[in-house]
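No value in this document is a laboratory result; all are computed from the given coordinates. Everything numeric in this text was worked out from a predicted model, so none of it was measured. No Cβ is skipped: glycine too gets one built from the backbone with ideal geometry, and neighbour counts run over all protein chains shown.
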Amino acid sequence: MLRQYSTEAARQHRPDTAMARSLTPSPRLHWTSLATALATLTALPAAQAQAPAAVREEAWRQCAATTDNQARLACFDTWAQQQQPLTPPPASTWQAPAASASQQPEAVLQQAANAPMVQADVLPGQGLVPTNGGCRDPRYSEISRFFELEPGSDCGTFTFRGYKPLSVSVLRSDHINQQPSSPGKEPAPVRDYQPQEMRIQLSARTKIASGLLTDSSSGRKDSVWVGYTQQSFWQVFNPDLSRPFRTTDHEPEIFYVYPTDAALPGGWRWRYSGAGMVHHSNGQSDPLSRSWNRWYVMTGAELGHRWQVHAKLWKRMSESTPDDDNPGIQNYWGRGEVKLLWNVNDANTLGLTARGSLGKGYGSGRLEWLRTIGSGWNGGKSNLRLHVQLFSGYGESLIDYNSKRTSLAVGLSLLDF
């Protein structure tokens, strides 16, 4: 009976409109449909001689479209036991545990029939579009999930997401700026700050629009975001000064991201480009007030799931001399930056960020090591990291834009949430 069902499935498999409608999940889908699909898989070896490759490919695609872990594992186990693998399933960082050798196909089918099932949409030319997961779906790359570049990695508008790392760290530097100064301003009073302090960074963003310049059939989605980042340096180890916050920087910004998908030399893949505007200030009054505004353009590429490179160039918006709190800040802070990330393995990531201006002797460098702590969404990779940073140069904070120092920070960071 199963052989007859498989032969009938092979004869009816053709790219017509009825098949396209079958790819759209129905709210009336019964759990027995998964058992029927798995029954087809058990009969597949007997029908491989007559069935075209498209039928065999559709079998594992039905397994991949099942987002419930137990049901998907049962489906793939049955498929793998009954035939030699012809086409690998979609790439995924999630790996299923090995199935029990004593487990019979009938038991697998019964277990799959009883398991809850959530089926993904399959759109022509766009791959799998899961009904859950979205920007948490590990089948998509980190860059795609971070900027929601594809329909399958989209989490919708006005959702609250992480931007730069949320971090708490203890920091020790070789130098502390006890009397900040800026050209054209009187020096601030000297304060007995200590070189050890705590750094706290808060950062979040939300997408306010998408699909402005991209078509839904292209498989890509552009987007507009607003974000906010706040970084504070807290003299928590300085009781003589009543443990004050030495400085706090505020960075509200708005930016647009356009998805790209182009092959680059060496196997790299160009993933996005964009533009934005950011306001950067410390909210202080004179003589400690620091602020500037800038436009920027950005882009990024990836090499598999191991390497990422991000580049950004900016242009300061001009200000009149009397209103300029920090003349020449672009020479110290830089006019652009390049960030390189290397996922050494599932638990460890190394990062290097270089910031500066061509022909200028200023700028900064930051070396980072992040180690994953625990597990995260749906049993995947956690977003919590042990975070170690080594910084050297100008502009670790806005008040220190023209003061050079080297610091080492150790703490915890929460990446995109």
**Request:** For the stretch 142-262, report the translational diffusion coefficient in µm²/s to the nearest whole number, using Stokes-Einstein at 20 °C, 1.002 mPa s, and a Kirkwood Rh over Cα pairs.
**Result:** 123
**Complete:** Going from the fewest other Cβ atoms within 10 Å to the most, one would list I329, I373 as I373, I329
**Request:** Summarise the long-distance tail of P(r) for the stretch 134-414 by giving the % of C-alpha pairs beyond 32 Å.
**Result:** 28
**Asked** What residues have an amide H closer than 5 Å to that of T159, excluding those fewer than 5 places away on the same chain, when H is modeled at 1.01 Å from N in the peptide plane?
**Response** K207
**Request:** Output the relative contact order of the stretch 134-414, whole-number percent, from Cα pairs under 8 angstrom with separation of 6+ residues.
**Result:** 15
**Fill in**
Partner lysines whose C-alpha sits under 20 Å from that of K404, ignoring same-chain residues fewer than 8 away, are K185, K360
**Message:** Just to be sure I understand the model, the point goes 7 Å from the Cα along the line to the Cβ. What's the resulting S289 to S375 distance in nm?
**Reply:** 5.4
**³J(HN,Hα) computed for each position of the stretch 146-156 - Karplus, 6.51 cos²θ - 1.76 cosθ + 1.60, integer Hz, glycine/proline x** = 5, 9, 6, 7, 10, x, x, 10, 8, 10, x
**Prompt:** Shape of the stretch 224-350 from its Cα gyration tensor (a ≥ b ≥ c, root eigenvalues): rounded if a/c is under 1.5, otherwise prolate when a/b > b/c, or oblate?
**Reply:** oblate
**Asked** Once the Cβ-Cβ distance between S357 and R306 is put in as r, and R0 is 30 Å, what FRET efficiency do you end up with, to the nearest 0.05?
**Response** 0.50
**Message:** Can you tell me the length gained on complete extension of the stretch N345 to M277, counting 0.36 nm per residue apart and subtracting the Cα distance?
**Reply:** 21.0 nm
**Item:** 19 Å reach of a label modelled at V190, 7 Å along Cα-to-Cβ, counting backbone N of the stretch 282-322
**Value:** 287-288
**Prompt:** When the Karplus curve 6.51 cos²θ - 1.76 cosθ + 1.60 is applied with θ = phi - 60°, which whole-Hz ³J(HN,Hα) does each residue of the stretch 163-174 get, with x for Gly and Pro?
**Reply:** 10, 7, x, 7, 9, 10, 9, 9, 10, 10, 10, 7
